[in-house]
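For reference, the structure discussed in these notes is given below.
The values are calculated or read from the model by the stated rules, or taken from the named source; none is laboratory data. Treat the numbers as computed from the prediction; the structure is a model and nothing was measured. Reconstructed Cβ throughout: ideal geometry from the backbone, glycine too, with neighbour counts over all protein chains shown.
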Amino acid sequence: MKVLVTGVSGQLGFDIFSQLKSKGIECVGTKPQDFDITNEDEVFEYINKISPTVVVHCAAYTAVDNAQDDEDLCRLINVNGSENIAKACAKLDAKMLYISTDYVFDGEGTEPFETDSKTNPLNVYGKSKLDGEKAVLENCKSSFILRTSWVFGENGMNFVKTIIRLANERDKISVVNDQIGSPTYTKDLAVLICDMINTSKYGVYHATNEGYCTFAQFAKEIVKSSGYNTQVIEITSDEFGAKANRPKNSRLSKKSLDDAGFSRLPDWQDALYRFLNHK
Ligand SMILES: NC(=O)c1ccc[n+]([C@@H]2O[C@H](COP(=O)([O-])OP(=O)(O)OC[C@H]3O[C@@H](n4cnc5c(N)ncnc54)[C@H](OP(=O)(O)O)[C@@H]3O)[C@@H](O)[C@H]2O)c1
């Protein structure tokens, strides 16, 4: 197996690359300067030169609020870019794993979303990631679509690091308490992804750390576990006033993982503890 990981400078790409290396699997990580993801010929030329057997596509436009004003660029990277990678994989007979998001759903109701539940993204980023999924499925038969949520890892900025910074600066912080979902530690997701790409069990999967919480509950756990006394004040999404709407219910069912015989990820509190104690 030879794996090409796009977005290796990001949170998830970094840990997938590290996990592959630690298992002695040949891998190449790519950054934006290596090739223009929006140029079909350049994408093919680069991937053809590396000749991987698997491409794990983590590179994406991930600034959810900015995307509301930057739709063209967001779609160019997340839709056209993913389509270009999928076409290159198909030509080279390589497998492709595309990382997607809970934001493909509208978050209505309280039940966990199944992989075949109706999609209905609430924001530009979610729509671009959904259209990226479709482009991959249409262009590369040997593909995995893996939807995850609330990602945190050592390499990059994320909710956990932001809360720790704010807890260090303030006595009180306000955090939304009407969005419920599952935090996901990139190191745990990387283990699953490395197992998955070794198989031919193509299809759509949901994978997050186990258990659910609201962002306010997540923040309280981060503050407590980091040894701060900062008070977490629960507010609504409307009070917070982010530019992009986000789903209130981001619960993702893991039935497809179970059915395919893949192991679920550990509980999110366990993952947070390991992240905070990472040296
Ligand atoms: N973060 C979350 O909570 C979350 C939740 C669900 C799903 N996801 C999905 O999970 C995947 C990984 O997310 P992440 O949090 O690890 O993302 P991230 O830390 O923001 O990293 C994104 C990566 O994409 C690269 N990139 C951006 N624009 C590019 C371009 N035009 N050409 C090539 N590379 C480009 C970035 O490179 P530079 O850093 O050099 O710009 C970076 O390496 C993404 O597909 C994302 O949509 C994330």
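Inside the stretch 1-24, can you point out the residues that are polar (S, T, N, Q) and surrounded by fewer than 24 Cβ atoms within 10 Å (Cβ to Cβ)?
We begin by selecting, within the stretch 1-24, every residue polar (S, T, N, Q); these are 6, 9, 11, 18-19, 22.
Within the stretch 1-24, SER9, GLN11, SER18, GLN19, SER22 meet the criteria.
When you scan the stretch 23-32, how many residues do you find that are within 8 Å of the ligand (Cβ to nearest atom) and assigned to a loop (DSSP other than H, G, I, E, B)?
To start, the set of residues in the stretch 23-32 that are within 8 Å of the ligand (Cβ to nearest atom) comprises 30-32.
After this cut, where a residue has to be assigned to a loop (DSSP other than H, G, I, E, B) as well, the list is 31.
Adding up the residues that qualify gives 1.
Could we say that LYS49 is in contact with a Phe, Trp or Tyr (Cβ under 8 Å, 6 or more places away or on another chain) and away from the ligand (no atom under 16 Å from the Cβ) here?
Numbers: in contact with a Phe, Trp or Tyr (Cβ under 8 Å, 6 or more places away or on another chain): no; away from the ligand (no atom under 16 Å from the Cβ): yes.
Spelling it out, it is not the case that LYS49 is in contact with a Phe, Trp or Tyr (Cβ under 8 Å, 6 or more places away or on another chain) and away from the ligand (no atom under 16 Å from the Cβ).
THR110: within 21 Å of ILE193 (Cβ to Cβ), touching a residue at least 60 places away in the same chain (Cβ under 8 Å) and in a loop (DSSP other than H, G, I, E, B), yes or no? Walk me through it before giving the result.
Details: within 21 Å of ILE193 (Cβ to Cβ): no; touching a residue at least 60 places away in the same chain (Cβ under 8 Å): yes; in a loop (DSSP other than H, G, I, E, B): yes.
Taking the combined requirement at face value, the residue does not satisfy it.
For ILE37, indicate whether it is over 15 Å from ILE197 (Cα atoms), near the ligand (Cβ under 8 Å from one of its atoms), β-branched (Val, Ile, Thr) and crowded, with 24+ Cβ neighbours inside 10 Å. Please lay out each step first, then the result.
Details: over 15 Å from ILE197 (Cα atoms): yes; near the ligand (Cβ under 8 Å from one of its atoms): yes; β-branched (Val, Ile, Thr): yes; crowded, with 24+ Cβ neighbours inside 10 Å: yes.
Here the answer is yes, as ILE37 does meet what is asked.
Might you check whether a residue that is in contact with a Phe, Trp or Tyr (Cβ under 9 Å, 6 or more places away or on another chain), within 20 Å of ARG147 (Cα to Cα) and basic (Lys, Arg) occurs anywhere in the stretch 79-91?
No; the residues of the stretch 79-91 include none that is in contact with a Phe, Trp or Tyr (Cβ under 9 Å, 6 or more places away or on another chain), within 20 Å of ARG147 (Cα to Cα) and basic (Lys, Arg).
Take GLU234 and tell me if it is farther than 25 Å from LYS129 by Cβ, out of contact with any Cys (no Cβ under 6 Å at 6 or more places or on another chain) and not β-branched (Val, Ile, Thr). Let's see the steps before the verdict.
Values: farther than 25 Å from LYS129 by Cβ: yes; out of contact with any Cys (no Cβ under 6 Å at 6 or more places or on another chain): yes; not β-branched (Val, Ile, Thr): yes.
Answer is yes for this residue.
Can LYS141 be described as away from the ligand (no atom under 12 Å from the Cβ), crowded, with 22+ Cβ neighbours inside 10 Å and farther than 23 Å from TYR61 by Cβ? Full working, then the answer.
Details: away from the ligand (no atom under 12 Å from the Cβ): yes; crowded, with 22+ Cβ neighbours inside 10 Å: no; farther than 23 Å from TYR61 by Cβ: yes.
Taking the combined requirement at face value, the residue does not satisfy it.
Restricting to the stretch 95-107, what's the tally of residues that are part of a strand (DSSP E or B) and more than 13 Å from the ligand (Cβ to nearest atom)?
Residues of the stretch 95-107 that are part of a strand (DSSP E or B), as a first pass: 95-101.
Restricting the remaining residues to those that are more than 13 Å from the ligand (Cβ to nearest atom) gives 95.
Qualifying residue count for the region: 1.
Residue-by-condition table, conditions (1) touching a residue at least 40 places away in the same chain (Cβ under 8 Å); (2) within 16 Å of the ligand (Cβ to nearest atom); (3) of a type in the set (S, T, N, Q):
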{"site": "ALA88", "(1), (2), (3)": "yes, yes, no"}
{"site": "ASP93", "(1), (2), (3)": "yes, no, no"}
{"site": "THR115", "(1), (2), (3)": "yes, yes, yes"}
{"site": "LYS118", "(1), (2), (3)": "no, no, no"}
{"site": "ASN123", "(1), (2), (3)": "yes, yes, yes"}
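Restrict the check to the stretch 11-21 and report whether at least one residue is more than 17 Å from CYS89 (Cβ to Cβ), aromatic (Phe, Trp, Tyr) and either near the ligand (Cβ under 8 Å from one of its atoms) or assigned to a loop (DSSP other than H, G, I, E, B) (or both).
The answer is yes; a qualifying residue exists.
Which one is nearest to THR148 (Cα to Cα) among residues in the stretch 33-66 that are assigned to a loop (DSSP other than H, G, I, E, B) and among the acidic types (Asp, Glu)?
The initial filter retains those residues of the stretch 33-66 that are assigned to a loop (DSSP other than H, G, I, E, B), namely 35-39, 51-53, 58-65.
Still in the running and among the acidic types (Asp, Glu): 36, 65.
Numbers: ASP36: 25, ASP65: 18 Å.
Filtering first and then ranking leaves ASP65.
Report, by residue number, each residue of the stretch 156-179 that is among the aliphatic types (A, V, I, L, M), in contact (Cβ under 8 Å) with a residue 12 or more places away in the chain and loosely packed, with under 15 Cβ neighbours inside 10 Å.
First pass over the stretch 156-179, keeping only residues among the aliphatic types (A, V, I, L, M): 157, 160, 163-164, 166-167, 173, 175-176.
Then keep just the ones that are in contact (Cβ under 8 Å) with a residue 12 or more places away in the chain; that gives 160, 163-164, 166-167, 173, 175-176.
Within the stretch 156-179, none qualify.
Looking at SER250, SER200, SER226, SER237, which one is of a type outside the set (A, V, I, L, M), surrounded by fewer than 19 Cβ atoms within 10 Å (Cβ to Cβ) and closer than 25 Å to VAL124 by Cα?
Working: SER250 fails: surrounded by fewer than 19 Cβ atoms within 10 Å (Cβ to Cβ); SER200 fails: closer than 25 Å to VAL124 by Cα; SER226 fails: closer than 25 Å to VAL124 by Cα.
After ruling out the rest, the residue left standing is SER237.
What is the number of the single condition among (1) more than 17 Å from the chain's Cα centre (by Cα); (2) at pLDDT 95 or above; (3) within 26 Å of SER18 (Cα to Cα) that HIS278 does not meet?
The single condition HIS278 does not satisfy is (2).
Among the residues of the stretch 228-253, write down those that are in contact with a Pro (Cβ under 8 Å, 6 or more places away or on another chain) and either charged (D, E, K, R) or under 25 Å from GLU169 (Cβ atoms) (or both).
Restricting attention to the stretch 228-253, the residues satisfying the condition of being in contact with a Pro (Cβ under 8 Å, 6 or more places away or on another chain) are 251-253.
Correct list: ARG251 only.
Provide a single number: the residues in the stretch 160-186 that are assigned to a helix (DSSP H, G or I), farther than 18 Å from ASN277 by Cβ and hydrophobic (A, V, I, L, M, F, W, C).
Summing the residues that are assigned to a helix (DSSP H, G or I), farther than 18 Å from ASN277 by Cβ and hydrophobic (A, V, I, L, M, F, W, C) in the stretch 160-186 gives 1.
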